[in-house]
Amino acid sequence: MGKGKLWIAGVGVIMLAACSDEEAEPAVPEELQAETVASPEPRAQQFVELWQAGEYETLYEEFLTESAKRAYGEETFIDWQQELDEQLALSNRQVDWDMASDEWPTEQPADFPFTVTTDSVVGEVTFDNTMSFVYEETEEQGEWFAEWDPSFILPNLSKGDNISVQISDTERGEIVDRNGSVVAGNTEAYEIGVVPGNFDRQNQTTRIAELLDMTPEEIDEELDKPWVQPHYYVPLATIHPDRDTLNRLFAIPGTKRTKVTLREYPYGESMAHLTGYVAPITAEQLEERSGQGYNPDAIVGREGLEAIFETELRGERGGKIFIEKTRENDTITAIDNSSAAGETVTLTIDADLQQQVYREMDGEPGTAAAVDPYSGETHVLVSSPSFNPNDFIPGIKDSVYRELADDPGEPFFNRSAATYPPSHIMQPLSAAVAIKQGTLDPGAGIDITGETWQKFPSWNDFRITRPNPGVSNPIDLEKAIVHSDSIYFAIQATNMPDDTFREGLNELGFGEAFDYPLPLSASQISESGEFGSEGQVASSANGEGQVRTNILHTALMYGAFLADGEMKKPILFPDAEQQTLKQELISAEQAELMRTILTEAGAQEGHGYAGKTATLPADGGDMGWFAGYDPIDGNLSAAVMMEDERHVRDVVDRLFGND
């Protein structure tokens, strides 16, 4: 029904025959003219606002007709509505209604057609109804009052009826890798509990605690809760038992088991920072998702892709609400909502490769990324150490959580989202900037003497130190990259005019956050995004000072050498649009030259991969880096950072398929 229309009940309408031009319409006798008063619309608006807010007491006292109060009383209107709100998890009620009128006859009820939409235990509930407002005299003055009945709670509901619910849960959608392997899925499990009156608590508590991987104290805590009665079922744990354990549990008198569906993460720790995990909804999340069909018992994504793609993965819960009509001795279906399974989210990640890389890290702090330089697809994005998301299903034990939170390796910290000083990994990137600007001739050598260098005496005690001062002159680009000649790159960077070096690094993506499903810290040239001095320019060319790079960004930048100077936008989903993020960072000929130099650098460093390694002092040992690719395959550009540099080589070998 369109806006502004008003339906009128119980009013006769007299149709008059058409009159000729000469005939005048007879006047309506004064005694038949109805008294009119202000429109009932403001009262209806107030009623709707209070109804949506669940202010039933105010509605009962101030808005119901006397006949409605007599018919239903506070017990039905207030108490029953509140009970049904809790039983059916009714929340976020929205009422849309139509009416517009400046005034209305007092003898005629005003009918308001409306549509109610509310969240419930069986999903969204929507129904139509019409409420009449009647004008009644009060001690002070006349006013409009609502003719209410229980059908405004649920269709066809009457006083004295009973309500029952049948819930149809839907399976949460899966997250799968590029090969279709499930990285977040669903599995069958059992909820184990006991009926206290049938359970030999004195002799069986220790036994059942061992089988459930609980302590006797934890069993006692559940059985001593205030609501527990001897004949009640008390759930204790949800587990994935083997057949033998299940039989041993069921052999204990008083135990019960119920088959349930739980979330499962087959790749465990290796994928945890990507997948995240699900857990019971918090009060804050419930408030944030107001109006989206959630209830206090909902399970939601709490971290990672589970949280980011909550809407797509959760599906739609369904079910039926039945009304037992006591007077008619019949049961009808008031609400029948079909459930809908969640969507499948497919990743570009190679989960098997990711797991192999994670295992090679051996729990040591570090991170690695591997991307397809021609498409931007992310094959590996791993952080170590990590946590097992299965520990959060159905709920993580306090002792396990405290152990993770207190772990000095910080397993909850996602290192793939952070940035780190790149040291000599920066040198080929600095060279690419200078080559494009035309200030660096790769074949031209320069004479460098000594171990340290400063451009001006005004640098005072600040000097650039080269790690291999014994390399013979002249030093060209190949020698500089192979031997990590810091002075060479400092000279090249400070020879660039004005802000050219800073602008070139910005063109590589420094200071720019990726449009990526997972939040990643942007690489930076400094905390301010500017260079404060030439000395800072010189040190930054070698990945020192305040320069920080993200692991995925590093892999993408080195991928530009493979892709003839183009850097692709990183993507995590195979159906995402492939885009070129940066074009012509260097020419195709210059990129080919850089590939030749990087291959030689890898050969000189003894690992056989095209790329650059770096070692720099860090707390507790030396941090190690690698950035590059396998020159034989050339299908993945990778970067590895380990806080203990001894693990870098093994991780790189695993990335490129070499044991």
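Once you order the gyration tensor axes a ≥ b ≥ c over the Cα atoms, which shape class does segment 148-259 get: rounded for a/c under 1.5, otherwise prolate or oblate by comparing a/b with b/c? In terms of gyration-tensor shape, oblate.
For Lys259, the aspartates and glutamates whose Cα comes closer than 13 Å to its Cα, not counting residues fewer than 8 places off in the same chain, are Glu188, Glu191. Could you please state, rounded to a whole Å, how far the C-alpha centre of segment 604-659 is from the C-alpha centre of segment 436-459? The two parts, judged by their Cα centres, are 27 Å apart. Percent of Cα pairs in the chain per distance bin of 10 Å, from zero to the largest separation: 3, 12, 17, 15, 13, 12, 11, 8, 5, 3, 1, 0, 0. With the Cα gyration tensor of segment 53-120 giving a ≥ b ≥ c as the square roots of its eigenvalues, does the rule (a/c under 1.5 for rounded; else a/b larger than b/c for prolate; else oblate) give rounded, prolate or oblate? It is oblate, given that a/c is not under 1.5 and a/b is not larger than b/c. Under a 5 Å amide H cut-off, with hydrogens placed 1.01 Å from N, Ala184 pairs with Ile175 among residues at least 5 apart or on other chains. Carbon-plus-sulfur accessible fraction, segment 460-530 (probe radius 1.4 Å, protein heavy atoms only): 42%.
Reported to the nearest whole Å, the Cα centre-to-centre distance from segment 512-587 to segment 330-358 is 34. Database remark: amide H of Asp644 closer than 5 angstrom to the amide H of Gly624 (H placed geometrically; neighbours at sequence offset of 5 or more, or on other chains; Pro and chain starts carry no H). Per-residue Karplus couplings for segment 306-311, computed as 6.51 cos²θ - 1.76 cosθ + 1.60 with θ equal to phi - 60°, are listed in order as 4, 7, 5, 10, 3, 4 Hz, Gly and Pro entered as x.
Projecting the Cα atoms of Trp227, Thr245, Gly268 onto the charge dipole of segment 224-273, computed from C-beta unit charges around the Cα centre, puts Trp227 farthest toward the positive end. Which Cα, out of Tyr374, Gln52, Ile491, lies furthest along the positive dipole direction of the chain (beta carbon charges, K/R +1, D/E -1)? Result: Ile491.
Pairs over the 23 Å Cα-Cα cut-off, from the set Lys436/Lys612; Lys455/Lys582; Lys479/Lys568; Lys436/Lys569: Lys455/Lys582; Lys479/Lys568.
An oblate overall shape is assigned to segment 47-89, the ratio a/c of its alpha-carbon gyration tensor axes (a ≥ b ≥ c) being 1.5 or greater and a/b not exceeding b/c. Estimated purely from DSSP H runs of n ≥ 4, each contributing -39500 (n - 2.57), the mean residue ellipticity at 222 nm for the chain is -7500 deg cm²/dmol once divided by its residues.
Near the amide H of Ile475, within less than 5 Å, lie the amide hydrogens of Ile446, Asp447, Ile448, all on another chain or at least 5 residues away, with H placed in the peptide plane. In a fully extended conformation the segment linking Val400 and Thr126 would gain 94.3 nm over its present Cα-Cα distance, using 0.36 nm per residue. Taking 7 Å steps out from each Cα toward its Cβ at Asp447 and Thr261 produces label points 7.8 nm apart. With coordinates expressed along the principal axes, the C-alpha atoms belonging to segment 555-659 extend over 41, 31, 27 Å, beginning with the largest. Quick check: Cα centre of segment 220-257 to Cα centre of segment 63-79, how many Å? Spelled out, the Cα-based centre of one part sits 45 Å from the other. Distance between the 7 Å Cα→Cβ label points at Leu286 and Asp498: 6.0 nm.
Annotation for Asn506 and Glu74: the two label points, set 7 Å from Cα along the Cα-Cβ direction, are 7.0 nm apart.
The values are calculated or read from the model by the stated rules, or taken from the named source; none is laboratory data. No experiment lies behind these values; they were computed from the predicted model shown. Heads up, the Cβs are rebuilt from the backbone with ideal geometry, glycines too, and the neighbour counts pull from every protein chain shown. These accessible areas exclude ligands, DNA and RNA; they are computed on the full protein's heavy atoms, side chains included. Shrake-Rupley method; radii C 1.70, N 1.55, O 1.52, S 1.80 Å.
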